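Student: First the structure, then my questions, so here it is.
The values are calculated or read from the model by the stated rules, or taken from the named source; none is laboratory data. These numbers were taken from a predicted model, which means no experiment stands behind them. In this analysis, Cβ positions are derived from the backbone assuming ideal geometry, glycine residues included, and neighbour counts consider all displayed protein chains.
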């Protein structure tokens, strides 16, 4: 049996479809793209390179009837036969011959697009990231992470902005790339990753006159103690029962600090009792003469989560930074 040969016909001129010009080029181009059936690229490439229509179908896993249907659509689109048959041989028309290399080039670009992935190298990246969170989370979680960036990502720029827990969504509207907040205030329909589980504790001076040798505080002592809290800050943790809620509400707040940053320095050398994040307080205690003791009531654990827009789901820079946060969370929880 003779093998059919793919030949080029010898017509000297290439037929081309007339170009439609429009004063509104963007709209015309968009309409043209929508009009194209890009699924026909694969059959077209196969038809232009295979010796027969049957072989073209085999290469793209389509039946001969499906390939015939595709060829009819392609002929209608280009206004040209593209391939002709004579004496058992298949010939490319001049337009088919001209399209052969061009279609293969487009196919390579399409494949490259679908295999496209963003690269991120923290050592050379000059990207910036804006994070919205509370002051406490900033100190507890971000502080250690940012200290490592001078080594791991020396050229990255980190911007921190305050987070309004009542309206966290606004931070994204004002340019934040990432939110760090309690799960109870998380925003619906955002990508979410748990970073750390936290719970309530008390923090006192390590030489507190009434708790010098104590590693817990009684309910009676908690009620009678002089307490310190951050100005305008809501109770950090929700008690699990009415007794705990009453204890937290009835605290005698004697000092209101201007910020979380000043809280530990005001506690040192005093008989004040602070109530807040166990992990943050332990961080303070690792640097100052402070000790952390359990609260005298049952409180629920709170999960701190990272949130970001779904359009950034495959952003490698953001994914890398979130992994850094997760690692810090594991360190805090001893895992």
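Student: Just one of 268, 295, 230 is over 18 Å from residue 194 (Cβ atoms), at pLDDT 95 or above, touching a strand residue (DSSP E or B) at 6+ places or on another chain (Cβ under 6 Å) and surrounded by 15 or more Cβ atoms within 10 Å (Cβ to Cβ); which is it?
Tutor: That would be 268, the only listed residue that is over 18 Å from residue 194 (Cβ atoms), at pLDDT 95 or above, touching a strand residue (DSSP E or B) at 6+ places or on another chain (Cβ under 6 Å) and surrounded by 15 or more Cβ atoms within 10 Å (Cβ to Cβ).
Student: Now for a different question. Name the strands (runs of 3 or more DSSP E) wholly inside segment 249-300 in which the number of residues that are more than 23 Å from residue 213 (Cα to Cα) and in the same structural domain as residue 227 (by TED's automatic domain parsing) is 3 or more. Even if it seems obvious, please write down each step before you answer.
Tutor: Details: elements: 253-257, 272-277, 290-294.
Passing ranges, in order: 253-257.
Student: On to the next question. Evaluate segment 117-132: report whether one residue or more is touching a residue at least 12 places away in the same chain (Cβ under 8 Å) and assigned to a helix (DSSP H, G or I).
Tutor: Scanning segment 117-132, I find no residue that is touching a residue at least 12 places away in the same chain (Cβ under 8 Å) and assigned to a helix (DSSP H, G or I), so the answer is no.
Student: Does segment 310-335 hold any residues that are in contact with a helix residue (DSSP H, G or I) (Cβ under 7 Å, 6 or more places away or on another chain) and at pLDDT 90 or above, and which are they?
Tutor: Answer for segment 310-335, where residues must be in contact with a helix residue (DSSP H, G or I) (Cβ under 7 Å, 6 or more places away or on another chain) and at pLDDT 90 or above: 318, 324, 325.
Student: Let me ask something else about it. Kindly indicate which of 48, 71, 62 is outside any helix (DSSP H, G or I), in the same structural domain as residue 107 (by TED's automatic domain parsing) and modelled with pLDDT of 55 or more.
Tutor: 62
Student: Please indicate, with yes or no, whether at least one residue in segment 142-157 is modelled with pLDDT of 90 or more and touching a strand residue (DSSP E or B) at 6+ places or on another chain (Cβ under 9 Å).
Tutor: yes
Student: Now, a different point. Taking into account only those residues within segment 74-85 that are surrounded by fewer than 19 Cβ atoms within 10 Å (Cβ to Cβ), touching a residue at least 24 places away in the same chain (Cβ under 8 Å) and in a helix (DSSP H, G or I), which is nearest to the chain's Cα centre (by Cα)?
Tutor: So the residue we want is 77.
Student: Within segment 172-188, restricting attention to residues that are at pLDDT below 90 and assigned to a loop (DSSP other than H, G, I, E, B), which residue is nearest to residue 322 (Cα to Cα)?
Tutor: 175
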